[in-house]
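Engineer: Below you will find the structure I want to go over with you.
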Amino acid sequence: MIEGVKSKTLRVIPDERGRVMEILRADEELFVQFGQIYLTTAYPGVVKAWRGHKERIDNLVALQGMIKLVLYDKRTDSPTHGEIAEYFMGEHNPLLVHVPAGVLHGYKCLGENEAIVLNCSTVPFFENDPDLIRIDPFSATVPYRW
């Protein structure tokens, strides 16, 4: 387990009208502060990686489809520096993953359907100061092979 990463199994409550799934609440340990909510998608087999932040914390949930979320701890002062963690999440495993600043993350869309991933981050994205670390998904910088 990578230091500071937390996950929570999400509860889906169905009834005859549909379903509800609570994702993140302001009164729980995983919530730090609100910055921005956005969604991203990936087509089957596509890898979207590596991303990280100096300040921003991401809270990721796959709402549709299934993904393999991979985390890499690049923080040199972390007791889990250099460690990799994988999470299989989505429709068949509703999970929220809390990704601390300094931990790189990326995901691969599994299966035959587009994946939709929701991110509730603690800091909004600003084009002129994006707080974004980008590394090519197939770079040797990260010791992981998709």
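The values are calculated or read from the model by the stated rules, or taken from the named source; none is laboratory data. This one's a predicted model, so the numbers in the text were calculated from it and none came from an experiment. Virtual Cβ from ideal backbone geometry, glycine too; neighbours counted across all protein chains shown.
Engineer: Please indicate, with yes or no, whether at least one residue in the range 94-114 is free of Cβ contacts under 8 Å to residues at least 60 places away in the same chain, touching a strand residue (DSSP E or B) at 6+ places or on another chain (Cβ under 9 Å) and of a type in the set (D, E, K, R).
Structural biologist: No, the range 94-114 has no match at all.
Engineer: Among the numbered criteria (1) in a loop (DSSP other than H, G, I, E, B); (2) over 23 Å from T141 (Cα atoms); (3) touching a residue at least 40 places away in the same chain (Cβ under 8 Å); (4) not hydroxyl-bearing (S, T, Y), which one does R56 miss?
Structural biologist: (2)
One line per residue, one yes/no per condition, for (1) modelled with pLDDT under 95; (2) surrounded by fewer than 21 Cβ atoms within 10 Å (Cβ to Cβ); (3) over 24 Å from T9 (Cα atoms); (4) over 11 Å from the mean Cα position of the chain (by Cα):
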| site | (1), (2), (3), (4) |
| --- | --- |
| L63 | no, yes, no, yes |
| L95 | no, yes, no, no |
| V99 | no, no, no, no |
| S121 | no, no, no, no |
| P137 | no, yes, yes, yes |
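Engineer: Continuing with this model, one more query. Identify, please: which residue in the range 47-61 is buried (at least 21 other Cβ atoms within 10 Å of the Cβ) and of a type in the set (V, I, T) and is, among those, farthest from F125 (Cα to Cα)?
Structural biologist: V61
Engineer: Also, I was wondering about something else. Collect the residues in the range 1-50 that are polar (S, T, N, Q) and in contact with a strand residue (DSSP E or B) (Cβ under 9 Å, 6 or more places away or on another chain), keeping them in residue-number order.
Structural biologist: S7, T9, Q36, T40, T41
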